[in-house]
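These notes concern the structure reproduced below.
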Amino acid sequence: MDGRPDQAGARLALREEEGGRVLAALGWLDMAATARLWPEALRAGRGGGIAVLDLSGLESLDSAGAVMLLTAAPEAEPRGASEPVAAVLARMRRALAAAPAPVKPRTPFHPITAIGRATVGVLRDARSAVAFIGETAVTALRAMARPRLLRLSEVLRHLDEVGTRAFPLTLLLGFLIGVILAYQSSIPLRRFGAEVFVPNLVGISLVRELGPLLAGVVLAGRTGSAFAAELGTMTVNEEVDALRIMGVDATAMLVLPRLLAATLVMPVLALLMNLSGIAGMTLIMATLGYPSAAVESQLQQWLTLTDLMGGLFKAACFGLVIAGIGCRAGLSAGRGPRAVGDAATAAVVGGIVAIVVMDGIFAVLFFRLGI
Amino acid sequence: MAEEPVIRAEGLAVAFNGNTVFRDVTFEVRRGEIFVILGGSGCGKSTLLKALIGLVPLAAGRAFLLGEELAAARDDATRRALLRRIGVMWQSGALFGSMTLAENVELPLEEHTALPRPAREALARAKLGLVGLGDAAARLPAEISGGMAKRAGIARAMALDPPLLFLDEPGAGLDPITSAGLDRLIVDIARDTGTTFVVVTHELQSILAIGDRCIMLDKQARGMIAEGDPRRLREESTHPTVRAFFRREAA
């Protein structure tokens, strides 16, 4: 039908006849007319009892009009229809018969069932995570024995994507964090005449905690999601299945290079974050009247190599975990494009939560060890 | 006076990065006709379809759909009015993954009509019933097969009863029975409603079963090499590529 506007003023007329009620449709019954007449048609058909559809005055009928007439008067006998109108009506009658109205299942809420289902889901997820860790660990051991398993070109590609391309963002964030921390800490310390200790506070915070943590957030947001999206798309497109069927170790080819690249690059990102943060802090200290030599002296006095190495070690662990979570999210993606989005979200959220939890564990551990 | 053709393509040419895909493609499609664009893989069939509906820019030529030139649409309202009158079924179905099949079909109805929600739901259900997916209305695209996605794509393309429907490889990847059923559906709709179909395909059986007229594109010639009734082309064409295509011979 050619989408003709509702110019001819399509209308419905209900009348009583000997054999029962008759619903007559007149004019061009297209989508525009159907939109206008739908409530009237349903009112006419309410309670059933329309025995005849009089279509003799109908000049044209499209699928929407036919659905309206058949919804209002499903049992009625059509009369007087022209050949094209009868054909459309017959076709839509068959179509509706083939598409029964969906029965929405009633699923009452049972708290015990919901808790049970959620528990089973969590346990399944945990089992899958353990299986992934185990498979990756075994593959890593095999790769140590047979280094050919690890594709160097893939490692280099990921080092570039995860590391080199993240340098500008890391430097910018680190510098700004240094500026913010220096300003914010100078306000309370000034009250006690202790502004000179701002480098100690900012330096220790950055090197021990914030540098690795913020570099981890950058990695989770930028790289964890990218890993999940790339591997998720490969899973959805059945590329991972194809690798397995070809006898290629998918974990060695897809997971190990990413894990290695993220683990190697994270200490570098954390170091850049530390250095740029200290540069930002030094700039603010200069505006407060403390020369860079004073800042350097404070840092040398209070920061130790153990602080730096502890932070970089944490960063490497964060890199390993973020990449692992990203890869697992991608490889366990469901079907369809939505699954890729879900995998990317799971990678970012999981990555950030994991590094914060790990940071807490490291804090307790380092405290106990006196580091 | 002869009736205005539904599609008038005048000297169409498409090139990507200076590489010509096809040139000098000229044809007309008449109302109610099932017009087939055929040819071997990579000859530019789907590109021609996209050029006709304005998704691929033309390097040369003009394409008129339902008497209007999409590329020269004065404003967005004119363009939308024209787009409302055409339906496209994409090769993969191109269904929206976060919506059920019924919601996919309802989307154009919601966008372009004032039909109340129950009417849209009933109509979407009927359209799905028409393509044999009446019992899958509540399913998500990720839960159905490729063939079902294709049929759902046709249901969505037909949602607004457009007078002009473009189908990109409708039968590809379907079993012979479903494919034949789809051919039957296309012929029925064209006959009952006067809908014009432009079908891109290289499925020989489909071409012969449904095509009123066709053009054939060729990769080597970078353009059209034949036009006419596919059954007559099969019997009478002397062009070696056309003969090879219809007789399923290696070129």
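The values are calculated or read from the model by the stated rules, or taken from the named source; none is laboratory data. Source: prediction; values computed, not measured. No Cβ is skipped: glycine too gets one built from the backbone with ideal geometry, and neighbour counts run over all protein chains shown. Areas reflect the complete protein model, heavy atoms only, side chains present, ligands, DNA and RNA absent. Shrake-Rupley method; radii C 1.70, N 1.55, O 1.52, S 1.80 Å.
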### Task
Output the number of residues of segment A:216-258 satisfying the condition of being under 21 Å from the mean Cα position of the chain (by Cα) and in contact (Cβ under 8 Å) with a residue 40 or more places away in the chain.
25
## Note on the structure
A:Ala131 meets each of (1) over 25 Å from B:Arg139 (Cα atoms); (2) open to solvent by 70 Å² or more (accessible area, probe 1.4 Å) with one exception, condition (2)
### Message
For the list (1) small (Gly, Ala, Ser); (2) out of contact with any Asp or Glu (no Cβ under 8 Å at 6 or more places or on another chain); (3) under 19 Å from B:Thr195 (Cα atoms), I need the number of the one condition that B:Ala73 fails.
### Response
(3)
### Task
Look at A:Thr119 and say whether it is among the hydroxyl-bearing types (Ser, Thr, Tyr), farther than 19 Å from A:Val321 by Cα and not in a helix (DSSP H, G or I).
no
### Query
Limited to segment B:193-226, what total is found for residues that are β-branched (Val, Ile, Thr), touching a strand residue (DSSP E or B) at 6+ places or on another chain (Cβ under 8 Å) and closer than 29 Å to A:Ala64 by Cα?
6
### Query
B:Glu111 is checked against (1) crowded, with 20+ Cβ neighbours inside 10 Å; (2) under 25 Å from A:Leu96 (Cβ atoms); (3) more than 8 Å from chain A (Cβ to nearest Cβ) and fails just one. What number does that condition carry?
(1)
### Query
Taking the stated definitions as given, is A:Gly247 of a type in the set (Gly, Ala, Ser), in a loop (DSSP other than H, G, I, E, B) and more than 14 Å from A:Gly203 (Cα to Cα)?
yes
### Task
Would you be able to say whether some residue in segment B:120-135 is more than 13 Å from chain A (Cβ to nearest Cβ) and buried (at least 24 other Cβ atoms within 10 Å of the Cβ)?
no
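Where in segment B:145-251 are there helices (runs of 4 or more DSSP H), lying fully within it, with 3 or more residues that are closer than 30 Å to B:Glu110 by Cα?
B:146-157, B:176-193
Please go through segment B:144-161 and pick out each residue that is in contact with a Leu (Cβ under 9 Å, 6 or more places away or on another chain) and at the interface with chain A (Cβ under 9 Å from one of its Cβ atoms).
Step one: list which residues in segment B:144-161 are in contact with a Leu (Cβ under 9 Å, 6 or more places away or on another chain), which gives B:144, B:146-160.
Once the filter is applied, which keeps residues that are in contact with a Leu (Cβ under 9 Å, 6 or more places away or on another chain) and at the interface with chain A (Cβ under 9 Å from one of its Cβ atoms), segment B:144-161 yields B:Met158, B:Ala159, B:Leu160.
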### Task
Answer yes or no: is there a residue in segment A:215-228 that is open to solvent by less than 50 Å² (accessible area, probe 1.4 Å), touching a Cys at 6+ places or on another chain (Cβ under 7 Å) and in the same structural domain as A:Val240 (by TED's automatic domain parsing).
yes
### Task
Go through A:Pro147, A:Pro168, A:Pro212, A:Pro199 for me and flag whichever is under 16 Å from A:Ser276 (Cα atoms), of a type outside the set (A, V, I, L, M, F, W, C) and free of Cβ contacts under 8 Å to residues at least 12 places away in the same chain.
A:Pro168
### Task
Run down B:Glu143, B:Glu236, B:Glu227, B:Glu203 and say which single residue is out of contact with any helix residue (DSSP H, G or I) (no Cβ under 9 Å at 6 or more places or on another chain), among the acidic types (Asp, Glu) and modelled with pLDDT of 85 or more.
B:Glu236
### Task
Given the conditions (1) surrounded by fewer than 22 Cβ atoms within 10 Å (Cβ to Cβ); (2) part of a helix (DSSP H, G or I), report the number of the one that A:Ser60 does not fulfil.
(2)
### Message
Please pick out the residue among B:Ser98, B:Ser41 that is within 12 Å of chain A (Cβ to nearest Cβ) and in a loop (DSSP other than H, G, I, E, B).
### Response
B:Ser98
### Message
All but one of (1) of a type in the set (Gly, Ala, Ser); (2) outside any helix (DSSP H, G or I); (3) under 24 Å from A:Gly370 (Cβ atoms) hold for A:Gly289; state the number of the condition that does not hold.
### Response
(3)
### Task
Sort out which residues of segment A:311-346 are charged (D, E, K, R) and away from chain B (no Cβ under 14 Å), and write them in order of number.
A:Lys314, A:Arg328
### Task
Could you tell me which of the residues A:Gly326, A:Gly280, A:Gly311, A:Gly330 is in the same structural domain as A:Leu214 (by TED's automatic domain parsing), under 19 Å from A:Val353 (Cα atoms), over 24 Å from the mean Cα position of the chain (by Cα) and surrounded by 15 or more Cβ atoms within 10 Å (Cβ to Cβ)?
A:Gly311
### Query
Can A:Ser82 be described as buried (at least 17 other Cβ atoms within 10 Å of the Cβ) and within 14 Å of chain B (Cβ to nearest Cβ)?
no
### Query
Within segment A:259-272, how many residues are open to solvent by less than 20 Å² (accessible area, probe 1.4 Å) and more than 27 Å from the chain's Cα centre (by Cα)?
0
